[in-house]
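The values are calculated or read from the model by the stated rules, or taken from the named source; none is laboratory data. Remember, it's a predicted structure, so these values are computed and weren't measured experimentally. Heads up, the Cβs are rebuilt from the backbone with ideal geometry, glycines too, and the neighbour counts pull from every protein chain shown. Surface accessibility is based on the protein's heavy atoms, side chains included, excluding ligands, DNA and RNA. Shrake-Rupley method; radii C 1.70, N 1.55, O 1.52, S 1.80 Å.
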Amino acid sequence: MNPHLNLEENMRLASVLEPSKPSFFPARTKIVGTLGPQSRTVEIITNCLKAGMSVAQFDFSWGDTEYHQETLDNLKAAVKSTKKLCGVMLDTVGPELQVINKTERPISLQEDSFVVLTPDQDKEATSSLLPINFTGLSSAVKTGDTIFIGQYLFTGSETTSVWLEVTEVNDEDVVCLVKNSTTLSGPLYTLHVSQIHIDLPTLTDKDKEVISTWGVRNNIDILSLSYTRHAEDVRHAREFLSKLGDLYQTQIFAKIENVEGLAHFDEILEEADGIILSRGNLGIDLPPEKVFMFQKTAVFKCNMAGKPAVVTRVVDSMTENLRPTRAEATDVANAVLDGSDAILLGAETLRGLYPVETISTVGKICAEAEKVFNYDLYYKRTVKYAGDAMSHLESITSTAVRAAIKVKASVILCFTSTGRAARLIAKYKPITPVISVVIPRVKTDQLRWTFTGAFEARQSLIVRGVFPMLADPRHQAESTNATNESVLKVALDHGKAAGFIKPHDRVVVCQKLGDSYVVKILELED
């Protein structure tokens, strides 16, 4: 029997057909949706939130700040009406190479013909000449190199993307042989050179401008750093954020999308707050047979470091279809069984025809996979891996998870002001949901009092198994026993009213008393 699956030895296969028991919590695995042309009205975003989206990604590869502001304002309206928290992720463009097609007319390329890639952006795109936004391509490539051009967030579909082979380099122009016939249609085409270093900064001037205007104005929770290639990229981005008001709290998720990022993965993981495995670009940089190995190893490393792992490109075919393929459905489940924290939907929600159905379908597959995830084995393996290097806080939080397993608790309540304790509990992937009660902290700049806590609550929306709620700011984090008890009562009442805590349930509570954390088990009366 597969050790990662917790299945009964004598399970009848017919039982697979039985309807799933309804559970209060949607999938533990979180869903990030990219908002765009097909998913930016208040109505559709409201339905996306109800279907299970907990983080919204804004991709600045296209669309200006006004466009994204309008979408975000609609998101805020949807959050208000559904009372569902939603994190905001800004996806940088980074050193992305693009084909510039100003006319936006479709371009047909024929197999075995030649096409010239030129940095002269004033020229018109034709089937024999494609202008690109990078002058250094001719010095970066050599004869025989492979170049891939595909629609934004490569669909991988051979009818909308093309493989080119470099045949000669003329000054700044690169002449290529077309390997498959295709028609490029639409405004934005991305160009990917396999396994070649592109000499452009990871955080471009355009990115910095977007972050310091739109990002600051909207207090973004997470920055998705495209094309992270070195730990230095993350440090540089963090230094930049630290000077921008409240954005010093913004988390940085490193997007691993090429062999360079893969080669420096361990150092990047140490610096970043989370990792996005960008399988679209990686799938081009890596031989197909190596992709699964990268995914499984990278997710394992993230799990052991207690940092969220986000997997992309799982249900591409749902961009145009109501159902995923069998392989895609299995792929989503495997990502969950591997230990992924979140699934990121790109083209599927951005320009796909069925954004809401896609979120709902992915959520259902995640929930089914979570039912057979071997929590016990995972817990033991993670404790063993952490070994003696465990911090004081981690030894407490792992104890809370063990207690929840032993007493079959219905929920773990974790009181936290920074979100760290809840993330450490989530690192051990308990079988019980974790309610993270974020207690706001007051800070003052002599002119006004402000409460922090919303950042911490929203940032946990990308962590598997954690469901945040914001406590009343009148309950201070640095508090006495009495206020702790009253916050606990509020959290329990919230749980009972919502239906996930029932009479006679056992609840594990992890909270700070004075300078130390305590874990206690409550048995609830009627």
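Before moving on, here are some points about what is shown:
- Cα gyration tensor shape of region 358-445, rounded if a/c is under 1.5, else prolate or oblate by comparing a/b with b/c: oblate
- Neighbour-limited loop hits for trypsin sites (Lys or Arg not before Pro), region 237-279 (at most 15 other Cβ within 10 Å; DSSP other than H, G, I, E, B): LYS243
- Electrostatic tally near HIS192: other residues with Cβ closer than 10 Å to its Cβ, Lys and Arg +1, Asp and Glu -1, net -3.
- Only Lys, Arg (+1) and Asp, Glu (-1) charged, at Cβ; region 1-129 dipole about Cα centre in debye: 960 debye
- Residue-normalised accessible area of region 98-193, given per residue in Å² at a 1.4 Å probe: 45 Å²
- With protein chains left intact and a 1.4 Å probe, residues in region 1-87 average 56 Å² of accessible area per residue.
- Globularity ratio of region 98-193, using Cα Rg and 2.2 N^0.38 Å: 0.95
- The trypsin sites (Lys or Arg not before Pro) of region 1-104 that meet both conditions, a loop assignment by DSSP and at most 14 other Cβ atoms within 10 Å of the site Cβ, are ARG12, LYS83, LYS102.
- For region 1-135: relative contact order, % (alpha-carbon pairs under 8 angstrom, 6 or more apart): 18 percent
- Accessible surface of the chain, 1.4 Å probe, proportion on carbon and sulfur as whole %: 54 percent
- Over the chain: helical MRE at 222 nm, DSSP H runs n ≥ 4 each giving -39500 (n - 2.57), nearest 500: -10000 deg cm²/dmol
- If you wrap the chain in the convex hull of its Cα atoms and look at it from every side, the mean projected area works out to 26.2 nm².
- Overall size of region 17-103 from C-alpha positions, given as principal axis extents largest first: 53, 31, 22 Å.
- Whichever lysines have a C-alpha closer than 21 Å to that of LYS406, once near sequence neighbours (fewer than 8 apart) are set aside: LYS371, LYS380, LYS384, LYS427, LYS429, LYS502, LYS520
- Where trypsin sites (Lys or Arg not before Pro) fall in DSSP loop in region 357-434, at most 13 other Cβ within 10 Å: LYS408
- Gyration tensor (alpha-carbon) shape descriptor, region 214-366, a/c threshold 1.5: oblate
- Of the two radii for region 321-363, the radius of gyration is 0.96 times the Kirkwood radius, both from the alpha carbons; that is the Rg over Rh value.
- Relative contact order computed over the chain (Cα-Cα under 8 Å; 6+ residues apart), in percent: 14 percent
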